[in-house]
Amino acid sequence: MKKLIFLGMVLAIAAIAELSFKTEAVKTNTYPALPKDSIGSVKAFMSVYRVLKSARCMNCHPAGDAPLQGDDSHIHTMNVKRGADGKGLYSVRCSNCHQAENTAGLHMPPGNPKWGLPPANMRMVFQGRTPRQLALQLLDPKQNGGRSKTQLIDHMANDDLVGWAWHPGDGRTLPPMSRPAFAAQVRLWIAKGAYAPPAKAK
C-alpha cells in the first residue's frame with residue numbers, strides 16, 4: 001500500500017512538472033512562425049522601415065555621436081555627445097534636461113527614465129541605412145543588444161522608451177502608423193521568415 005501511495009505521488013509530481021514545462025513553452029513561444037513568404041515578409045519590413053526612419057526614431061539612432069532634434073533631424077543644438085553609456089559625456093548628461101516625463105509646452109524637452117542614445121559599443125544606427133542594411137542590423141544579436149527575434153519583437157512592441165515615439169510631447173510629428181500597427185508589422189516580418197529587402201529596395 002505504501003509503495004502504491006509513493007508511486008502515485010511520484011506520478012503526480014511528474015505530471016505537474018510536465019504541465020509546468022508545457023505552460024512555460026507556450027509562454028516563450030508566443031510568436032509562432034507562418035509559412036515562409038519572402039514577398040510578404042519584405043512588405044511588412046518596409047512598413048517597419050518607414051517608422052524607424054521617422055524623426056521620432058531616427059533622432060536617437062544617428063550615424064554620428066550627436067543626437068538629432070526636430071522633425072528635420074538637425075544635430076542637437078546643445079553640443080551633446082553620446083558618451084560610452086549613451087547618456088551623455090562629462091557634465092553634459094542627457095538627464096540634465098530630459099526628465100522622467102515630457103516637459104509641458106511646445107517643443108519642450110521630451111522625457112523618459114531611460115532617455116539617451118544606444119551605448120557606444122552597440123550604436124544601432126538607423127540614419128543613412130538602406131532597408132536591407134537596417135533589417136540585417138536588427139536581426140544581428142551582435143548589433144541589436146543581444147536580442148533573439150522574439151526579444152526583438154517584444155522590444156519593439158513593449159519597451160517604454162520605444163513607446164515614447166507615440167507620446168513625444170507638443171509640437172512633434174508622430175510616426176507614420178500607430179504603435180499597435182507597427183508591432184503587428186514587426187511580428188509579420190519575422191513570422192513570415194524575417195527576410196531582408198533586396199539591396200535595391202528604397
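The values are calculated or read from the model by the stated rules, or taken from the named source; none is laboratory data. Everything quoted here is computed from the prediction, not taken from an experiment. FYI the Cβ positions are ideal-geometry reconstructions off the backbone, even for glycines, and counts take in every protein chain you see. Areas reflect the complete protein model, heavy atoms only, side chains present, ligands, DNA and RNA absent. Shrake-Rupley method; radii C 1.70, N 1.55, O 1.52, S 1.80 Å.
Annotations for the structure displayed:
- Enumeration of residues in region 147-177 that are under 12 Å from the mean Cα position of the chain (by Cα) and on the phi > 0 side of the Ramachandran plot: none
- On inspection, G83 passes the criterion of being out of contact with any Asp or Glu (no Cβ under 7 Å at 6 or more places or on another chain), in a loop (DSSP other than H, G, I, E, B) and not charged (D, E, K, R).
- Checked against (1) surrounded by 15 or more Cβ atoms within 10 Å (Cβ to Cβ); (2) among the hydrophobic types (A, V, I, L, M, F, W, C); (3) outside any loop (DSSP other than H, G, I, E, B), L161 passes all but a single condition, namely (1).
- Enumeration of residues in region 30-68 that are open to solvent by 50 Å² or more (accessible area, probe 1.4 Å) and not in a loop (DSSP other than H, G, I, E, B): S38, I39, K43, R50
- Selection within region 148-202: residues that are out of contact with any helix residue (DSSP H, G or I) (no Cβ under 9 Å at 6 or more places or on another chain) and free of Cβ contacts under 8 Å to residues at least 40 places away in the same chain. The member of this set that is nearest to N112 (Cα to Cα) is D159.
- Residues within region 71-86 that are without any contact (Cβ under 8 Å) to a residue 40 or more places away in the chain and surrounded by fewer than 19 Cβ atoms within 10 Å (Cβ to Cβ), tallied: 11
- If the condition is being part of a loop (DSSP other than H, G, I, E, B) and either open to solvent by 60 Å² or more (accessible area, probe 1.4 Å) or over 24 Å from A184 (Cβ atoms) (or both), then region 144-157 contributes G146, R147.
- Region 101-143: number of residues that are outside any loop (DSSP other than H, G, I, E, B) and surrounded by fewer than 17 Cβ atoms within 10 Å (Cβ to Cβ): 2
- Some residue of region 114-125 being on the phi > 0 side of the Ramachandran plot and aromatic (F, W, Y): no
- Looking across region 86-100, just one residue is in contact with a Lys or Arg (Cβ under 7 Å, 6 or more places away or on another chain) and assigned to a loop (DSSP other than H, G, I, E, B), and that is K87.
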